[in-house]
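Read the structure below first, then the notes.
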Ligand SMILES: [Ca+2]
């Protein structure tokens, strides 16, 4: 049997992160070798606590959790925490008891660089929050961008509006400087942006099906999903919730679910469009040197088989 694809999930749980982590654990094509944590939906300390809690729910305390950065790559601390989307605890205001487990001694950056060098070309990082940990790994180990198999990230809004403001998507907005480092690092990067994830909707009807399932993940998720559905009903006219993080996990698990284009992505780090991701498709050869010239190409997802993604999410989350 072929070796399973090893994945590390960099995460800020987060309701859709919880779905994505469970989905990865229920995906036979991949082996989750660790979780690394980051601020975003919640502060990093709470992200770590939630990551440990979710692994305990899943009965997978064998998987290590490495805590990530508490500040942006430019040492910014005025972090935007999305309690209005995910609840003040990040998991739908359920007041779960604290986890019994602890994070490992290594930092997220140390864990990422170590695993990439232990298994060169074989580890996929699925990045579901701001990209600080990944950028720190790139900066701290010059071999990381080459050693890591692929970085599949939820981030950006390619030719569509953002979700923090018209310019910016939340994960990129969380640390635009880190995002620009990742996009221009030369690593094999696949970006899954809002242009993709806003096509993948879990409907009220799907949630009812989850509620009727006896599966432990379905039962757990139904408890925490209320806050997430409430936010979507208020903020969008979509009848359901966007599956940002689960779609990104599945893009890593089964790349045939999406198609992508290749080009150079730069991130705006200042001004009113801070966090904007701008893709250069290389169709015009500009006469002048630009900020996109001579930068490595990345992949940007442009289509998704949304019904297939939703079907896989439902099947796998109701399996056990
Ligand atoms: Ca997330």
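Report the full-extension gain for the segment residue 62 to residue 94: residue separation times 0.36 nm, less the Cα-Cα distance, to one decimal in nm.
Fully extending the segment from residue 62 to residue 94 adds 9.1 nm.
With contacts defined as alpha carbon pairs under 8 Å and 6 or more residues apart, what's the relative contact order of the range 116-178 in percent?
Value for the range 116-178: 39 percent.
Quote the Stokes-Einstein diffusion coefficient, in whole µm² s⁻¹, for the range 176-276, based on the Kirkwood radius over alpha carbon pairs, a temperature of 20 °C and a viscosity of 1.002 mPa s.
For these conditions, the coefficient is 133 µm²/s.
Decide, for the range 1-131, between rounded, prolate and oblate: order the square roots of the alpha carbon gyration tensor eigenvalues as a ≥ b ≥ c, take rounded if a/c falls under 1.5, and otherwise choose prolate if a/b is larger than b/c, else oblate.
It is oblate, given that a/c is not under 1.5 and a/b is not larger than b/c.
Work out how much length residue 297 to residue 281 would gain on full extension: take 0.36 nm times their residue separation and subtract the Cα-Cα distance, in nm to one decimal.
Gain on stretching residue 297 to residue 281: 4.8 nm.
As a footprinting exposure proxy, order 264, 164 by other Cβ within 10 Å, with the fewest listed first.
So the ranking, lowest neighbour count to highest, is 164, 264.
Given the -39500 (n - 2.57) contribution per DSSP H run of 4+ residues, what per-residue ellipticity at 222 nm results for the chain, rounded to the nearest 500 deg cm²/dmol?
Helix contribution divided over all residues of the chain: -11000 deg cm²/dmol.
By how many degrees, between 0 and 90 and to the nearest 10, does the Cα long axis of helix 108-118 differ from the longest principal axis of the chain?
Roughly 80 degrees between the two axes.
May I ask you to order 48-59, 250-261 by the average number of other C-beta atoms within 10 Å around their residues, highest value first?
Highest-to-lowest ranking by the protection proxy: 48-59, 250-261.
Just the number, please: Stokes-Einstein D of the chain in µm²/s, Kirkwood Rh from C-alpha pairs, 10 °C, 1.306 mPa s.
82 µm²/s
For each of 180, 208, count neighbouring Cβ atoms within 10 Å of the residue's Cβ, then give the residues from fewest to most.
With the fewest neighbours first, 180, 208 line up as 208, 180.
Helix 44-58 sits at what angle to the longest principal axis of the chain, using alpha carbons and giving 0 to 90 degrees rounded to 10?
On a 0 to 90 degree scale, this one is about 50.
Quick one: of the DSSP bridges fully inside the range 5-319, what percent are antiparallel, nearest 5?
For the range 5-319, the DSSP antiparallel bridge percentage is about 35.
Pairing the Cα long axis of helix 216-235 with the longest principal axis of the chain, what angle in degrees results, from 0 to 90 and rounded to the nearest 10?
60 degrees
Averaging sequence separations of C-alpha pairs under 8 Å and six or more residues apart, then dividing by the length of the chain, give the relative contact order as a whole percent.
Dividing the mean separation by the residue count of the chain yields 19 percent.
Sorted from largest to smallest, which semi-axis lengths in Å does the alpha carbon gyration tensor of the range 78-151 give for its equivalent ellipsoid, taking the root of 5 times each eigenvalue?
Over the Cα atoms of the range 78-151, the ellipsoid semi-axes are 29, 15, 11 Å.
Applying 1/(1 + (r/R0)^6) with R0 = 35 Å to the Cβ-Cβ distance of residue 84 and residue 118, what FRET efficiency is obtained, to the nearest 0.05?
With a Förster radius of 35 Å, E is 0.30.
Could you work out the relative contact order of the range 1-85, using alpha carbon pairs under 8 angstrom and six or more residues apart, expressed as a whole percent?
For the range 1-85, the relative contact order is 31 percent.
Could you please rank 107, 69, 297, placing first whichever residue has the fewest other Cβ atoms within 10 Å of its Cβ?
Result, fewest neighbours first: 297, 107, 69.
Any read-out appearing in this document is the output of simple, stated calculations on the displayed coordinates, not a laboratory observation. All values reported here derive from a predicted model rather than from experimental measurement. Positions of Cβ are generated from backbone atoms using ideal geometry, with glycine treated the same way; all protein chains shown enter the neighbour counts.
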